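A short write-up of the structure that comes next.
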C-alpha cells in the first residue's frame, strides 16, 4: 500500500530556507581580500560563520563577495555597496561588521605628493569606515560588534606621514562618535577600533626581513580577539575604545588609549 505524501503548506521550502538563512551566524569583512582581512575571514569561516567580503577584489573563500569599483566616488560606492549587501543578506542581520580596509603612504606637507597621498589615505580608510558604519546601522544585530581600524601613531602628531595621520584620526573620531547615544547604531551594539603597531604579514616580512619579528602582532591574535568580542559581549572593552595592540617577545597585548 502506498503511503500518502505529507502535505506541506505552500512555500514551506522557501520559508524554511529563509529561516535557516536568518539564523546562521554571519559577519561582514570590509577589506576581506587583504592580509588581515583574509585571516579574519578564514578564521570566522572555520568557526562556522557565513562571511560576506567587501573589497576591491573577490576572496574565493568568502561565501559572497561585493567588489568595490574604485573609479566611483564616495556616495556612488556607498549606494552600490548598500544595494548589493541588502540583496546578499536578504533581510538577515549580522553579528559583526569588521572594517580592516586601508593602506599607508607617507609624506610631510612639503612632499610633492602630499595632497595626492592624503587623498588616497582618506579614500582607503575614511570612505571604507564610514560605509561600514552605515552598513552597521541597517544590518548589524542588536548587541552586535562594529570594528574599525585606526593607528597607534595617529593618536598624536604624524609630521612625516600627515595624510595617513589625518585619515586615521578621522576614523578615531568616527568611532568615538558612534559609541555615543543617538549615533544610529543598533541597541546595545559596540564599536571598537584596533590600533595595530606592526602586523606580521608576508609583505612586511618581505620588506623588513631583518626586523624583530617577535615584536610583530600575529594576524591570528586579532582574529581570535574579534571572535571573542563577537561571541562574548562581556569580554568587550568599553564601546568607543581605541585599542592599541602591541607585541613583545611574541606576546601580544591590548591597551585601551
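With just the Cα atoms defining each centre, how far is region 70-141 from region 186-257? Give it in Å.
Measuring centre to centre over Cα atoms gives 20 Å.
Bin by bin, in steps of 10 Å, what percent of the Cα pairs in the chain do you find, going until the bin that has the longest distance?
Computed distribution, short to long bins: 7, 29, 36, 18, 6, 3, 2, 1, 0.
Rounded to the nearest 0.05, what FRET efficiency do residue 45 and residue 257 give with R0 = 35 Å and r taken as the Cβ-Cβ distance? Could you check? Spell out each step's value before the answer.
Values: r = 31 Å, r/R0 = 0.88.
It comes to 0.70.
List 98, 44 from most exposed to least, where exposure is judged by having the fewest other Cβ atoms within 10 Å. Mind dumping the intermediate values first?
Working: 98 30, 44 24.
By the 10 Å Cβ count, ascending, the order reads 44, 98.
Suppose only helical runs count, i.e. DSSP H with n ≥ 4. What mean residue ellipticity at 222 nm does that imply for the chain under -39500 (n - 2.57) per run, divided by all residues and rounded to the nearest 500 deg cm²/dmol? It would help to have the intermediate numbers written out before the result.
Values: 8 runs with 96 residues, N = 257.
Dividing the helical sum by the residues of the chain leaves -11500 deg cm²/dmol.
At R0 = 22 Å, how high is the FRET efficiency between residue 236 and residue 61 if r is their beta carbon distance? Nearest 0.05 is fine.
On the way: r = 26 Å, r/R0 = 1.20.
So the FRET efficiency works out to roughly 0.25.
Need the full-extension length gain, residue 75 to residue 92, defined as separation in residues times 0.36 nm minus the C-alpha distance. One decimal, nm.
Numbers: separation 17, 0.36 × 17 = 6.12 nm, distance 2.39 nm.
Fully extending the segment from residue 75 to residue 92 adds 3.7 nm.
Pop a pseudo-label 7 angstrom from the Cα along the beta-carbon direction at both residue 153 and residue 113 and give the gap in nm to one decimal.
1.4 nm
Read the figures in this text as sums done on the coordinates, not as results from a lab. Owing to the predicted nature of the structure, the values given are computational and were not obtained by experimental measurement. Positions of Cβ are backbone-derived with ideal geometry, glycine not excepted, and every protein chain shown enters the neighbour counts.
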